[in-house]
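Here's the structure, in structure tokens; my notes come after.
The values are calculated or read from the model by the stated rules, or taken from the named source; none is laboratory data. All of these numbers come straight from a predicted model, not from anything done at the bench. Don't worry about glycine lacking a Cβ; one is built from the backbone with ideal geometry, like all the others, and counts go over all protein chains shown. Ligands, DNA and RNA are stripped out before the accessible areas are found, and what is left, the full protein with its side chains, is counted by its heavy atoms. Shrake-Rupley method; radii C 1.70, N 1.55, O 1.52, S 1.80 Å.
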Amino acid sequence: MHVKYLLEKMGIQPKKSLGQNFLQDPNALEKIANAAHIAPTDTVLEIGAGTGALTVKLAQRAAQVIAVEIDERLLPILHSQLRDFPNVRIHHADILRVDLDALLGTQPYLVVANLPYYITSKILRHLFEARNKARRLILTVQQEVAERLVAAPGEMSLLSVSAQFYGKPQIVARLSPAAFYPRPEVSSAVVRIDLHSKPPVDVPDEELFFHVVSAGFGQKRKQLKNSLSRGLALSHAAAADLLVRAGIDPTRRAETLTLEEWAAITRLFAAQDARLFVQ
Ligand code: SAM
């Protein structure tokens, strides 16, 4: 049944505050499910199952689907739409409070989701920081976010550095607002992120790497020597010296750096920190 009528029949008004823009275009649903390349033995975690339109497509392809949904008003619809699929487990929860390692154990899994846009970055962080990480993420996000995820040096942000540190993001489809009910104000894109089994650059410590990167991006459009000096509590001279030793012009801006350059700064900063510790 058409999602609009399904919701109306149940007397449910979509909540903007929960990012509820449901997919209503059958082609878009098919495109997303196909982009996931699900094998019959796969376990899929779906975030924000909504009325179950995408869940059905996933259940037809996977061995098991774990569908997480926060809005209890949608649970009766989900149970009814999925009654013929014993391979679906519906989990009523806030995904940000779900311990993914407890939910999935050590089994390999994929994530497929039409994300609630208001918490995209938080969900990405939650997925990236799980001990047992997904093999692949197929996420519908705002087009602008998709472009930030795949950005190249010159247009990098904290989001692109983290997506590219943990995986290899690519845009696989674009969706117009008409694919959703209600229509969002923005265009959307489907992003596939294949997660690395180990980071593509050598860093002594992940937390320190992100501390350095966050410091670099901490002050918009500032020269790196200034943002690192402030964010890492170094003198201007020490921050400039760190950058020069990493082979980076201290007047460059954070958005121009490659992952390898961030890693080089982190390695030198870690070594310098250790030296200070010994003295
Ligand atoms: N998958 C459905 C579809 O494609 O039509 C719904 C997608 S809708 C963009 C996002 C869904 O995420 C909504 O059903 C919303 O209730 C749910 N949601 C929002 N915040 C959530 C959270 N913190 N944890 C789990 N689900 C959430």
(message) I'd like the Karplus ³J(HN,Hα) series for the stretch 226-232: coefficients 6.51, -1.76, 1.60, θ = phi - 60°, whole numbers in Hz, and an x wherever there's a Gly or Pro.
(response) 7, 5, 6, 4, 6, x, 10
(message) Under the rule a/c < 1.5 gives rounded, and otherwise a/b versus b/c splits prolate from oblate, where does the stretch 206-277 land using the Cα gyration tensor?
(response) rounded
(message) Keeping every protein chain present and rolling a 1.4 Å probe, give me the accessible area per residue for the stretch 213-276 in Å².
(response) 47
(message) Could you check the spin-label model distance between K4 and E260? Points 7 Å from the Cα along Cα→Cβ, value in nm.
(response) 5.3
(request) Pop the C-beta distance of E147 and R183 into the FRET formula with R0 = 25 Å and round what comes out to the nearest 0.05. (result) 0.80
(message) Which of the three applies to the stretch 102-210, rounded, prolate or oblate, going by the alpha-carbon gyration tensor with a ≥ b ≥ c and a/c under 1.5 meaning rounded?
(response) oblate
(request) Give, in nm to one decimal, the length gained when the segment between E30 and T251 is fully stretched (0.36 nm per residue of separation minus the Cα-Cα distance). (result) 74.8 nm
(message) Between D101 and A238, what is the label-point separation in nm under the 7 Å Cα-to-beta-carbon projection?
(response) 3.3
(request) List the aspartates and glutamates whose Cα lies under 13 Å from the Cα of K198, skipping any in the same chain that are fewer than 8 positions away. (result) E129, E206
(message) If R₀ is 22 angstrom, what is the calculated FRET efficiency for the pair L75 and Y118, using the beta carbon separation as r and rounding to 0.05?
(response) 0.60
(message) Positive end of the dipole of the chain, charges at C-beta (+1 Lys, Arg; -1 Asp, Glu), about the Cα centre: which of V145, A102, I248 has its Cα farthest in that direction?
(response) V145
(request) Give the shape of the stretch 218-260 as rounded, prolate or oblate, defined through the alpha-carbon gyration tensor: a ≥ b ≥ c are the square roots of its eigenvalues, a/c under 1.5 means rounded, and otherwise the shape is prolate if a/b is larger than b/c and oblate if not. (result) oblate
(message) Using a Gaussian network model on the chain with a 10 Å cutoff between Cα atoms, which of R97, R174, R73 fluctuates the most?
(response) R97
(request) Mind putting a number on the dipole of the chain about its Cα centre? Charges go on the C-beta only, +1 for Lys and Arg and -1 for Asp and Glu, and I need it in Debye to the nearest 20. (result) 340
(request) Summarise the accessible area of the chain (1.4 Å probe, protein heavy atoms) by the percent that is carbon and sulfur. (result) 51
(request) Using θ = phi - 60° and the Karplus relation 6.51 cos²θ - 1.76 cosθ + 1.60, list the HN-Hα couplings for the stretch 245-253 in order, rounded to whole Hz, with x at every Gly or Pro. (result) 5, 7, x, 10, 5, x, 8, 5, 10
